[in-house]
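The structure is given below, and queries will be raised subsequently.
The values are calculated or read from the model by the stated rules, or taken from the named source; none is laboratory data. Note that the coordinates shown come from a computational prediction; the quantities given were computed from them, not determined experimentally. So basically every Cβ, Gly included, is an ideal-geometry build from the backbone, and we count neighbours across all protein chains shown.
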């Protein structure tokens, strides 16, 4: 199986409509999607051989998405900016080639802009999951 190109990982924001249209966040050069599942330790004095025991299906699951790239002032930038200032829970779609699609509510946790006098303007974004995230295998 060949390796996958990082540029094929898509981060898309919805327009907020009842039947959403998704727009790719323009200018991203780097993307990271982290899926987390908290474990719950259920070990007691009665645990066999004093081995740790974990309680199944008891921890909190979350997802964090981060990305950085060149600021393009595209339609997607306006959606991201609006979502940040409103602190709404907009639906986002994350497409990972040959793996699957994650979709659900995320809040824009951080939004950074930067630029040097002799370079391009850049931005960075961090999303925090804000509800149930659906997964569809590709």
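Do you know which of the residues in segment 1-58 that are under 13 Å from the mean Cα position of the chain (by Cα) and in a loop (DSSP other than H, G, I, E, B) is surrounded by the most Cβ atoms within 10 Å (Cβ to Cβ)?
In this case the residue turns out to be 25.
Looking at segment 77-86, is at least one residue modelled with pLDDT of 95 or more and loosely packed, with under 14 Cβ neighbours inside 10 Å?
Checked segment 77-86: at least one residue is modelled with pLDDT of 95 or more and loosely packed, with under 14 Cβ neighbours inside 10 Å.
Something else now. Which of (1) touching a strand residue (DSSP E or B) at 6+ places or on another chain (Cβ under 7 Å); (2) free of Cβ contacts under 8 Å to residues at least 60 places away in the same chain; (3) more than 29 Å from residue 3 (Cβ to Cβ) does residue 78 not meet, given it meets every other one?
Here residue 78 meets the rest and fails (1).
Mind telling me which of the residues 111, 102 ends up being under 17 Å from residue 32 (Cα atoms) and buried (at least 17 other Cβ atoms within 10 Å of the Cβ)?
Within the list 111, 102, the selection yields 102.
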